[in-house]
Amino acid sequence: VVGHNFEGYTNMLDTRIIDPWTRVSPVEALLNPESGLIARWGGELVRDDEEFYVLNRAGMNRGVRIAYGKNLLGVDCTINQTDVITRIMPVGQTNKGKPLLLAAGTYTVDGQTITIDSSLTVAASNADNYPTPHVFVLDVGKEAKAAGTSAAQVLAARVKMIRAALRKFTDEECNLPSVNLKVDFIALGDTAEYAQYRQLEDVYLYDSVRIYHPKIGIDVTAQVNRVEFDCLLERFNGIELGAMRRDMAH
C-alpha cells in the first residue's frame, strides 16, 4: 500500500454501497467515467491541493442575470438545440403490466387543465416555438400502474403519467436549448456594454447564472464550468457558462 496525504470530505449523508476498487489509482477511483466515485454517486467534485470534496451542490446562485442581446467584443454565445424535448409520450402500465398510453382528452392534474391531442403526448409550454415536434418517450413504469381495469383506475394512472412528464419539463428544463456563454474580460475592458458582465467577476466555479436571450425567448440557468484566473494580477481573464461537460464535471 502506497501512502498519501490526501483527505476527502462529503456532505452526502445517506449510505452508499459500491464495489471495492482493486489495483487502481486514486484518480481513477474518483474520476473514471464508468466506475469512478463521481460517476456512481453523482454530485460535484471540488479539488483543493491535497483535499477533495464530493458535494451534492458545489456552487450557489448569487442572483446574477445576464441579458444577451448582441455580439459584443469578447462575448460568444452558442445555442444548442440537439437535446431539446418539446413533447413527452409517457408510458405507464395496465394492471397486468402491459404498456399503457394516454388517451386524447382533457385531464386535471394538480389543479391544472392539460389537453392531450391525437399525438398522445404532453406538450411543453413553448412547443409551438419549434417548427417540428421533438418527442421523447418517458417510461414511467410501475410508478403509473393502473390498480385495476375500471375507468377511474385507468384515469388515475394516466394522471400520474402526465404528472411525471410535467415534472421532467420543470426539473430538467428539457424544452429549452442549452446555452454556452464565453466572456473575455480583457477584451471587453471598460466598454459601456460590459457593465452587466461585471457581475460575473463575483461568481465562481459551479455557481449558477441566469442567461436571458430576448430574441429567441431563452431564459435558462447555466453553470460556471470554466474560469481563467490571473494569479499574479489577482483577476479573472475569462469565464465560461453552460451545460456542465462530462470531462469538466469530473
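The values are calculated or read from the model by the stated rules, or taken from the named source; none is laboratory data. Just so we're clear, the structure is a prediction, and the values are computed from it rather than from any experiment. Here Cβ is always computed from backbone atoms with ideal geometry, including for glycine, and neighbour counts include all displayed protein chains. All accessible areas refer to the heavy atoms of the entire protein, side chains included, with ligands and DNA or RNA removed. Shrake-Rupley method; radii C 1.70, N 1.55, O 1.52, S 1.80 Å.
Going through Gly63, Gly69 one at a time, which residue ends up being assigned to a strand (DSSP E or B), of a type in the set (Gly, Ala, Ser) and at pLDDT below 85? So that I can check it myself, show each step before the final result.
On the way: Gly69 fails: assigned to a strand (DSSP E or B).
Only one candidate qualifies: Gly63.
Just need a number here: residues in the range 142-162 that are over 21 Å from the mean Cα position of the chain (by Cα) and part of a helix (DSSP H, G or I).
The total comes to 14.
Whether a residue is under 18 Å from the mean Cα position of the chain (by Cα) and part of a helix (DSSP H, G or I) was assessed, and Thr221 does not pass this test. Within the range 122-137, the set of residues being open to solvent by 90 Å² or more (accessible area, probe 1.4 Å), in contact (Cβ under 8 Å) with a residue 12 or more places away in the chain and part of a helix (DSSP H, G or I) comprises just one member, Asn129.
Return yes when Ser119 is within 30 Å of Asn95 (Cβ to Cβ) and part of a loop (DSSP other than H, G, I, E, B) and no when it is not.
Details: within 30 Å of Asn95 (Cβ to Cβ): yes; part of a loop (DSSP other than H, G, I, E, B): yes.
Yes, satisfied.
Of all the numbered requirements in (1) within 30 Å of Ala127 (Cβ to Cβ); (2) assigned to a helix (DSSP H, G or I); (3) out of contact with any helix residue (DSSP H, G or I) (no Cβ under 6 Å at 6 or more places or on another chain); (4) open to solvent by 10 Å² or more (accessible area, probe 1.4 Å), Arg198 misses one, and that requirement is (1).
Whenever a residue of the range 84-109 is assigned to a loop (DSSP other than H, G, I, E, B), its partners that are of a type in the set (Asp, Glu), lying with C-beta atoms within less than 8 angstrom and at least six residues away or across chains, give the pairs Ala104/Asp117. The residue that is farthest from Thr108 (Cα to Cα), among those in the range 163-183 that are under 16 Å from the mean Cα position of the chain (by Cα) and open to solvent by 70 Å² or more (accessible area, probe 1.4 Å), is Glu172.
Looking at the range 201-212, which of its residues are of a type in the set (D, E, K, R) and in a loop (DSSP other than H, G, I, E, B)? Working first, answer last.
Quick first cut of the range 201-212, residues of a type in the set (D, E, K, R) only: 201-202, 207, 210.
Residue satisfying the conditions is Asp207 alone.
Picking from residues in the range 7-60 that are among the β-branched types (Val, Ile, Thr) and part of a loop (DSSP other than H, G, I, E, B), the one that is farthest from Leu205 (Cα to Cα) is Thr22. Among the residues of the range 79-134, the one identified as acidic (Asp, Glu) and under 16 Å from Lys160 (Cβ atoms) is Asp110.
Quick one: is Val220 modelled with pLDDT under 80, hydrophobic (A, V, I, L, M, F, W, C) and under 26 Å from Gly242 (Cβ atoms)? Spelling it out, Val220 is indeed modelled with pLDDT under 80, hydrophobic (A, V, I, L, M, F, W, C) and under 26 Å from Gly242 (Cβ atoms). Taken together, the residues in the range 138-161 that are open to solvent by 90 Å² or more (accessible area, probe 1.4 Å) and among the β-branched types (Val, Ile, Thr) amount to 1. Taking Ile186, is it buried (at least 19 other Cβ atoms within 10 Å of the Cβ), of a type in the set (Val, Ile, Thr), in contact with a strand residue (DSSP E or B) (Cβ under 9 Å, 6 or more places away or on another chain) and not in a loop (DSSP other than H, G, I, E, B)? No.
Scanning the range 142-154 for residues that are in contact (Cβ under 8 Å) with a residue 40 or more places away in the chain and among the hydrophobic types (A, V, I, L, M, F, W, C) gives Ala144, Ala146, Ala147, Val154.
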